[in-house]
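The values are calculated or read from the model by the stated rules, or taken from the named source; none is laboratory data. A quick note: this is a predicted structure, and the numbers were derived from the prediction, not measured. When we count neighbours, we look across all protein chains shown, and the Cβ atoms used for this are built from the backbone with ideal geometry, even at glycine. SASA here: full protein model, heavy atoms, side chains in, ligands and nucleic acids out. Shrake-Rupley method; radii C 1.70, N 1.55, O 1.52, S 1.80 Å.
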Amino acid sequence: MSRLLQVLLLLSWLDEGQSDPGCNFQGWPMDTFSQSGDILIGGVFVVHSGFIFQPPTFQEVPKPVSCTGFHIRYYRDVLGLVFAVDEINNSPGLLPNITLGFSLLDSCMSELRAVGGVLSLLSGLENPFPGYSCHSPSVMVGFVGDLVSALSLPIARILGPLYYPQISHGATLSALSDKINFPSFLRTVPSNMFQNVALSQLVGQFGWTWVGMLVVDNDVGQQGAQVIRAGIERNGGCVAFLEKIHLSYSAQQIKRVVDVIKESSISVIILHSPEVHMKALLDAMFDKGATGLIFISSASFGLTPGLFSKKAWKVLNGTLGLIPRTGTIPGFEAFLLNLHPTANSTYPFIKPFWGKAFSCYWPDGVRDGEKSNSIVKEDVICTGKEEFGSRFAQLFETNDLSYTYHAYLAVYAYVHALNSLLGCRAGSMGYFSNGVCSNMKEVQHWKVLRYLKKTDFYTKSGEVMKFNSEGDLPALYDIMNVQILNDSFNLVKVGGIDPKAKLGQMISLNISSILWNDHLLQVPISICSNSCQPGYRKAPLQGRPICCYDCVPCSMGEMTNHTDAGECTRCSSNQWSNEKRDRCIPRVLEFLSYDEPLGIMLMIMAVMLSILTVCILIVFFKNQDTPIIKATNRELSYILLVSLIFCFLCCLVFIGQPSTFSCLLRQTFFSVAFSISISSVLAKTIMVILAFKATRLNSPLRKWLGPTIPRYVVGLCSMFQISICSVWLHRSPPFPMLNSEIDNHKIIFECNEGQKLFFYITLGFMGFLAMVSFLVAFLARNLPGSFNEAKLITFSMLVFCSVWISFIPAYLSTSGKYTVAVQIFAILASSAGLLSCIFLPKCYIILLRPEENSRKFLSSSKKRIRFG
């Protein structure tokens, strides 16, 4: 059965058999407490936390029996209103010649009783009868209360259409700010919309990313949970569990929630619920050993000693809670000290309070509704002579007036609105007829509502109180810390929240003054996974919340320089990540330089071999008319020696920083020079064979013994290689480039050869010439040795081919400057092989064995030249 249907049944039950009740009707008594006055303020307060009903019969609603669970903390809010009324009546500057009164009712944490109570106070009867007003000559101008949003909501739905103002001192539900649905609702506490955002930011302030949530099982809890959860997830956190709690939950349901908490790895729990719903759960957590957790409570959760057992406070020790910004109430403590249950006492609920405070009962049967945690084992009769003594501050919890202060402010808001309405000051509203100010007869609740929305005044703390367009006050909160030392309860202010503060200063905290659970001084840690250090990134775990992850090292060339990075950052092309992957460092620019040992060594070798070749050329030139030089075709020898000089010198083009010119010259210069060298060797081999085949005077081959064939062979081979290089330079010329793909930590400054096909064609052509020379020389190896260079050419070609066959895998397996070094070494080795195998034996004879350099020796068919 819905609550609305219950209310309708309640009203129909009250109306049953009553055609015109009048102001003497006595139905369901609501236990109201009143103080007469010209103007009345209604009050609906939670004093007891429970409500016992008589089981209903058919077509009846439950009938009330009694309220249970008297709470001094809640009762203090009632006293705040009573104190404010007395203070105003004794103040000549506020409502002169007008007496302010009140009519109060205990809602007992029941929506049904709260609705019935409001209807009762509206009618002025001790029963909820709508449509009658028996307050005459007094005027009911509005209501204060209720403390809880779930109770204020149905009250606001009744009072809104009637335009009766309602000022709540504790309801924080943001939906109540909707002036379309709740046109007459105001409050002296902030809306929980900002509080819910502040809770998520407070969690992020401590770096907690793995938290649990306990919320009340109603619309308030559901709405708050959504906002808080969204804020936590927006800040990179996760909610491990979200459990709903209600006062009616069974022991089995409470046990299930405790098991969820124990099985979770969280260290922080957010409480978004009135404290009364959490009592059984907190006791069960202590019994099951679920202690040592940190609680972050919303403003709806009361942090006062009298509301919980000692077991619950041991669980709540270290709690951080929000409370609306609270000022001082001068003289309130003296007022509390004067409380006494005298025979003519007008204090509401004084006897239940006295019984609760001193663990006694009254002979007339007035009890607190339940047996509290009494300091005595047997029932004690109240005498009224008991004294508070040293228990006063602890009993009334005077270190935190919070909601009592806001109930006190609500009364003053009404008074200042009435003062403006009756004061006839300049700038009054224009709806007074003929400019005549209002008098008591014209005071009506809807006029008071208009003035309430516009009124502003200074509190005794010096703060300006002014409702905004939504009927709310500025969202200012104090952050309190529960500190229990040696069974002594302390509520210490450790910070505050101000939404109007500068960016980054909205939450102010004195972390050093916070005492965490288990008396820890350091901020606890509540995370699902340890933070990923710089150099690592978060990798989400499948099926787990985003806060649960593995830390994966960044790949090569990527880095992270902060903790808990979601993605690694790729280094720029001229940088690379260091070994720890926590920063990018500049890559080393690498090329074969003249300044490094390898480059210097290769340069010296090339120069020395070039000088050696020049020296051999000079020796040959000076001894050009000797038989041994004539016998080896001196023109080809000169061509070969000059081409070898160029082969050695072309190595210098490979050393040093690449440029456009050097890249164009490198391979083409080398290819042409080597082609001339190998074609010269091939021509030498051909001429050796022709010389021995044309020994007869009538041989037709003798006409080919001139310089024609060598010149054609060298010229054609050279022109073919030059043509290949020309096409290469035209179609895809080599160019300098920075290569960052070969080596992770280096940028290779190299020559891009363009289309590799041309490079391999030139090498292939030189290899073809070398193989032909090798085969021809090998076939001529058995000719008479006096005039035979075939053996020397065969050996030189064997060295040449071995070097370049080894060059191919070495070239492909190296990178950077070492690739260039391998090619230079192959050029030097193969060229040196040709030089040493073909020319050094002849130099040896010319310089050291001149007697063998004679026609007689060379023409002797019986002798052989030792070196060829």
Using beta carbons and a limit of 6 Å, which pairs, at least six apart or on different chains, have the first residue in region 838-855 and more than 28 Å from Ser773 (Cα to Cα) and the second one open to solvent by 70 Å² or more (accessible area, probe 1.4 Å) and at pLDDT below 80? none
I need a count of the residues in region 223-245 that are open to solvent by less than 40 Å² (accessible area, probe 1.4 Å), aliphatic (A, V, I, L, M), closer than 27 Å to Ala565 by Cα and in a helix (DSSP H, G or I). 3
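For region 381-403, give me each residue that is in a helix (DSSP H, G or I), out of contact with any Phe, Trp or Tyr (no Cβ under 8 Å at 6 or more places or on another chain) and in contact (Cβ under 8 Å) with a residue 40 or more places away in the chain. If you could, list the steps in order and put the result at the bottom.
Taking region 381-403 and keeping what is in a helix (DSSP H, G or I), we get 389-396, 402-403.
From what is left, the residues that are out of contact with any Phe, Trp or Tyr (no Cβ under 8 Å at 6 or more places or on another chain) are 389-393, 396, 402-403.
Selection gives Phe392, Phe396, Ser402, Tyr403.
Being touching a residue at least 24 places away in the same chain (Cβ under 8 Å) and either open to solvent by 10 Å² or more (accessible area, probe 1.4 Å) or more than 30 Å from His445 (Cβ to Cβ) (or both) narrows it down to one of Phe185, Phe206, so name that one.
Values: Phe185 fails: either open to solvent by 10 Å² or more (accessible area, probe 1.4 Å) or more than 30 Å from His445 (Cβ to Cβ) (or both).
From the options Phe185, Phe206, the qualifying one is Phe206.
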Given (1) within 12 Å of Leu186 (Cα to Cα); (2) open to solvent by less than 10 Å² (accessible area, probe 1.4 Å); (3) at pLDDT below 85, where does Ser174 come up short, assuming only one miss? (2)
Residues of region 616-674 satisfying the condition of being surrounded by fewer than 16 Cβ atoms within 10 Å (Cβ to Cβ), closer than 30 Å to Leu757 by Cα and among the hydrophobic types (A, V, I, L, M, F, W, C): Phe661
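Surrounded by fewer than 16 Cβ atoms within 10 Å (Cβ to Cβ) and either in contact with a Lys or Arg (Cβ under 8 Å, 6 or more places away or on another chain) or within 29 Å of Ala357 (Cβ to Cβ) (or both): is that true of Ser273 in this structure?
Values: surrounded by fewer than 16 Cβ atoms within 10 Å (Cβ to Cβ): no; either in contact with a Lys or Arg (Cβ under 8 Å, 6 or more places away or on another chain) or within 29 Å of Ala357 (Cβ to Cβ) (or both): yes.
When the stated conditions are applied, Ser273 does not pass them.
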Does at least one position in region 538-558 carry a residue that is surrounded by 14 or more Cβ atoms within 10 Å (Cβ to Cβ) and either out of contact with any strand residue (DSSP E or B) (no Cβ under 8 Å at 6 or more places or on another chain) or among the acidic types (Asp, Glu) (or both)? yes
For region 445-535, please list each of the strands (runs of 3 or more DSSP E) lying entirely inside it that holds at least 1 residues being closer than 21 Å to Thr291 by Cα and either open to solvent by 80 Å² or more (accessible area, probe 1.4 Å) or in contact (Cβ under 8 Å) with a residue 24 or more places away in the chain (or both). 477-485, 488-497
Taking Gly566 and the conditions (1) open to solvent by less than 50 Å² (accessible area, probe 1.4 Å); (2) assigned to a loop (DSSP other than H, G, I, E, B); (3) in contact with a Lys or Arg (Cβ under 8 Å, 6 or more places away or on another chain); (4) touching a residue at least 60 places away in the same chain (Cβ under 8 Å), which numbered condition does it fall short on, given that it satisfies the others? (4)
Filter region 277-330 for residues that are among the aromatic types (Phe, Trp, Tyr) and open to solvent by less than 10 Å² (accessible area, probe 1.4 Å); the one that is modelled with the lowest pLDDT is Phe301
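Determine whether region 209-216 contains at least one residue that is in a loop (DSSP other than H, G, I, E, B), at pLDDT below 90 and buried (at least 24 other Cβ atoms within 10 Å of the Cβ). It would help to see each step written out before you state the result.
Step one: of region 209-216, the residues in a loop (DSSP other than H, G, I, E, B) are 209.
Going one step further and asking which of them are at pLDDT below 90, we end up with 209.
From the residues that got through so far, the ones that are buried (at least 24 other Cβ atoms within 10 Å of the Cβ) too are 209.
Yes: one or more hits.
Residues are listed down the side, and each one gets a yes or a no for (1) open to solvent by 20 Å² or more (accessible area, probe 1.4 Å); (2) at pLDDT below 85; (3) under 58 Å from the mean Cα position of the chain (by Cα):
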{"site": "Gly17", "(1), (2), (3)": "yes, yes, no"}
{"site": "Thr32", "(1), (2), (3)": "yes, yes, yes"}
{"site": "Cys67", "(1), (2), (3)": "yes, yes, yes"}
{"site": "Glu87", "(1), (2), (3)": "yes, no, yes"}
{"site": "Asn90", "(1), (2), (3)": "yes, no, yes"}
{"site": "Asn97", "(1), (2), (3)": "yes, yes, no"}
Which residue is farthest from Ile678 (Cα to Cα), if the candidates are limited to region 710-739 and must be open to solvent by less than 30 Å² (accessible area, probe 1.4 Å) and not in a helix (DSSP H, G or I)? Asn739
Every residue from region 137-159 that is at pLDDT 90 or above, surrounded by fewer than 24 Cβ atoms within 10 Å (Cβ to Cβ) and not aliphatic (A, V, I, L, M): Pro154, Arg157
Taking only region 246-266 into account, find how many residues are in contact with a strand residue (DSSP E or B) (Cβ under 9 Å, 6 or more places away or on another chain) and either open to solvent by less than 80 Å² (accessible area, probe 1.4 Å) or within 13 Å of Val215 (Cβ to Cβ) (or both). 9
